[in-house]
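Peer 1: I am attaching a structure below and will ask some questions about it afterwards.
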Amino acid sequence: MCGICGYFDISKKRSAEKNVLVNMTNTITYRGPDSAGYFVKENVGLGFRRLSLIDLEGGHQPLYNEEKSIVLVCNGEIFNYLELKEILVKKGHRFRTNTDVEVLIHLYEEYGVEFLNKLNGQFAFVLYDSQTQKLILARDPMGICPLFYTIVDNVLVFGSEIKAILAHPLVTREVDLTGLDQILTFPGLVSPRTMFKNIKSLNSGHYILVRDNN
């Protein structure tokens, strides 16, 4: 299952704090009981809880490229990773692990955001490029893996579950009345609506790109 969470100060005025990230990640420990990983640098913090499935020894996250300028946390599985990895190796990319999701980093290096069109899988991931200061959040086309987010005081907060977002000190708990109405009227919530005001579910097959303070 695995779980991801984190936050990004879009204004770049405040530094990320590991204790905040640990508190967020601890709320979803049961999604990944095998290990935890963290990335904290300047205005971005990423957290990960791992359920080991592929490359049990080497697949710990966050994952990095060779220069450690790109970092990734991912919940999910890339079904066509072997074909993609073969193409990338021929183009000169070097892989550090045998885990399936490492292809995401090298695909981004090779193709930019357009690499999303090459994926076959179920996934929710966050990728940060420290050289360009771009942050990408993406969700698989069927929406199998969940990913929620909110923006509070120019800080983007995200997680595999809403409880991780609520653990961030800037986020308040407030019921979304439209979401409540959907729960009572329909079989379930209609994305991007959730039961919490200002907290949204990233639509299936969509991505968020944060760059240049936008």
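Peer 1: Report, by chain and number, residues whose modeled amide H sits under 5 Å from the one on residue 152, excluding near sequence neighbours (fewer than 5 apart, same chain).
Peer 2: Placed amide hydrogens put 157 under 5 Å from residue 152.
Peer 1: Assign unit charges at the C-beta atoms only (+1 for Lys and Arg, -1 for Asp and Glu), then state the dipole size of the chain relative to its Cα centre in Debye, rounded to the nearest 20. Could the numbers behind the result be given before it?
Peer 2: Numbers: 23 positive and 24 negative charges, 78 e Å.
With only Lys, Arg, Asp and Glu charged at Cβ, the dipole is about 380 debye.
Peer 1: Next question. What aspartates and glutamates sit close enough to residue 12 to cross-link, taking a C-alpha to C-alpha distance under 20 Å and skipping anything fewer than 8 places away on the same chain?
Peer 2: Cross-link targets: 42, 129, 153, 212.
Peer 1: Now, a different point. In region 114-214, what is the count of Lys pairs whose alpha carbons are under 22 Å apart, counting only pairs at least 8 residues apart or on separate chains?
Peer 2: 4
Peer 1: Place the peptides 76-82, 159-165 in order of packing, highest mean first, counting for every residue the other Cβ atoms within 10 Å and averaging per peptide.
Peer 2: 159-165, 76-82
Peer 1: Here's a follow-up. Farthest toward the dipole's positive end in the chain, which of 141, 170, 87, given Cβ charges of +1 (Lys, Arg) and -1 (Asp, Glu) about the Cα centre?
Peer 2: Sorting the options by dipole projection puts first 170.
Only the coordinates and a few stated rules stand behind these numbers; no lab work does. No experiment lies behind these values; they were computed from the predicted model shown. Note: ideal-geometry Cβ built from the backbone for every residue, glycine included; neighbour counts use all protein chains shown.
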